[in-house]
Amino acid sequence: MTPVIHEIMRTSGSANPLVPAPADLIWSAVVFAILLVFFWFKVLPNFKKNIDARTEAIEGRLALAEKAQAEAAAKTANIEAEQAEARAEAAQIRESARAEGAAILAELKEQASLEAARMTETAKKQIEAERQSAIISLRTEVGALAIDLASSVVRNNLKEDKSASAIVDGFLADLEKEGK
């Protein structure tokens, strides 16, 4: 054995070197108790305050997050409701526009039909008037041609016949009587 080990054994006697002396155990226990009381009454409450403050902060943040999430869900629901309302309104406007377009189209067709009937009637009247005018014009021309023809025939007969001269004189006399 070495001299250091002999010295340790001599001072501690024949006891176990791993077990401290009773005085050391008492002083260690007193120091441990003082440190335990110090930590129990000074350090642990501060530690608990810090932990409680952090817990409250975390819970507050969680509550704020839940509140924000609820608000976001409510806003999302409102937006979806507004979108549904806007879609319904747009569909109603489209349907109204279709109905109005159909009514306008029907009205325009009716007006076009009436206008076509009016134009047809006007054209028929105009054609009838032109027909009457043509008939009158033809009668006048045919009458003039007939008179020219009759005159030509009568002149030829009158030149040949002396009795024709008497007919002309009689005709002139009738005209004079009618004129009076």
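Annotations for the structure displayed:
- Length added when fully stretched, Phe47-Thr122, from 0.36 nm per residue minus Cα-Cα: 16.1 nm
- Computed from label points 7 Å out along Cα-Cβ, the spacing between Phe39 and Ile104 is 8.9 nm.
Here, each number is a calculation from the coordinates, and none is a lab measurement. The model shown is predicted, which means the values in this text are computed figures rather than measured ones. Note that each Cβ is placed from the backbone with ideal geometry, even for glycine, and that neighbours are counted across all protein chains shown.
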